[in-house]
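Shown next, in structure tokens, is the structure this report addresses.
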Amino acid sequence: TATPTPEVDWKEEMMKDSIVSTGNNARLKKVLEKARSGEQVNIAILGGSVTEGGGASQNSKGYAYLFAEAFKETYGKGDNINFVNAGLSGTPSCLGAIRFKKDVLDVLGTEPDLFIIEFAVNDWGETTNTRAYESLVHDVLSQENNAAVILLFASRSDFWNVQDNYIPVGKHYDLPMVSVAKAIKEPMTLKKLDKKIFYTDDYHPANYGHR
């Protein structure tokens, strides 16, 4: 018999384990309703190299692009989903706060309806002590369009990240939060998921990891 792929064995379980909190998803539901009705929905993902697509065979195989494609296919109508990937290798949230206007607002031409933020690996030793990160969250939640925000915590292959610094921010604003570390810890520790299948190096997911 053929050996089942890790995706068949573990994908659903990892997705379940990845959820730190579903938060108050009222804003997210409104974004989905907007998409289904055919209105334009603007999605932005801001982060470091993992968001940019680092580790994948090409950037378009990175999680950000895959997410945008899946969102469009599942909830969109025609061409009503507008997406910008504002991932930039090596950048922490303090630079993300500076890049937000140029790389998100100016590219979209408007405010995002759905904003995903990913800096949980790049923010090691981040000098503003979470203030830059929280300011991004606060600014997007303060927009007039009642945007939805999701916190995504990428992880090194040894399950390390700084999510413990940012989970309190998510709890304060009652946001959905997703942790890659939580998703992979059990299957990798039990040797049921090979690190080499999920990662290309200690920091960047392979194509499977991005999916």
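The values are calculated or read from the model by the stated rules, or taken from the named source; none is laboratory data. Owing to the predicted nature of the structure, the values given are computational and were not obtained by experimental measurement. No Cβ is skipped: glycine too gets one built from the backbone with ideal geometry, and neighbour counts run over all protein chains shown. Heavy atoms of the whole protein, side chains included, go into the accessibility calculation; ligands, DNA and RNA do not. Shrake-Rupley method; radii C 1.70, N 1.55, O 1.52, S 1.80 Å.
Shown for segment 85-204: lysine pairs separated by 8 or more places, or found on different chains, whose C-alpha atoms are under 22 Å apart, numbering 7.
Placing R0 at 25 angstrom, the Cβ-Cβ distance between Asn145 and Lys16 gives a FRET efficiency of 0.25 after rounding to 0.05. Peptides 43-52, 176-185 ranked from most to least packed give 43-52, 176-185, packing being the mean of other C-beta atoms within 10 angstrom over each peptide's residues. Of all DSSP-defined beta bridges confined to the chain, some 15% are antiparallel rather than parallel. Compute the acute angle (0 to 90°) between the alpha-carbon long axis of helix 26-36 and the principal axis of greatest extent of the alpha-carbon atoms of the chain; round to the nearest 10°. The angle comes out near 90 degrees.
Between Phe159 and Asp201, full extension at 0.36 nm per residue minus the direct alpha carbon distance yields a gain of 13.8 nm.
Using the 1.4 Å probe convention, the accessible area of the chain works out to 51 Å² per residue with neighbouring protein chains retained.
Using a simple spin-label model with pseudo-atoms 7 Å out from Cα toward Cβ, Glu69 and Lys29 lie 3.1 nm apart.
Across the accessible surface of the chain, with the other protein chains kept in place and a 1.4 Å probe, carbon and sulfur atoms take up 50 percent.
Taking every Cα-Cα distance in segment 52-211 and sorting them into 10 Å bins starting at zero, the pair-distance distribution P(r) comes out as 10, 38, 38, 13, 1 percent.
Can you say what percent of the DSSP beta bridges in segment 101-211, counting only those with both residues inside, are antiparallel? Round to 5. Walk me through the numbers before you get to the answer.
Working: 1 of 8 bridges.
The antiparallel fraction comes to roughly 10 percent.
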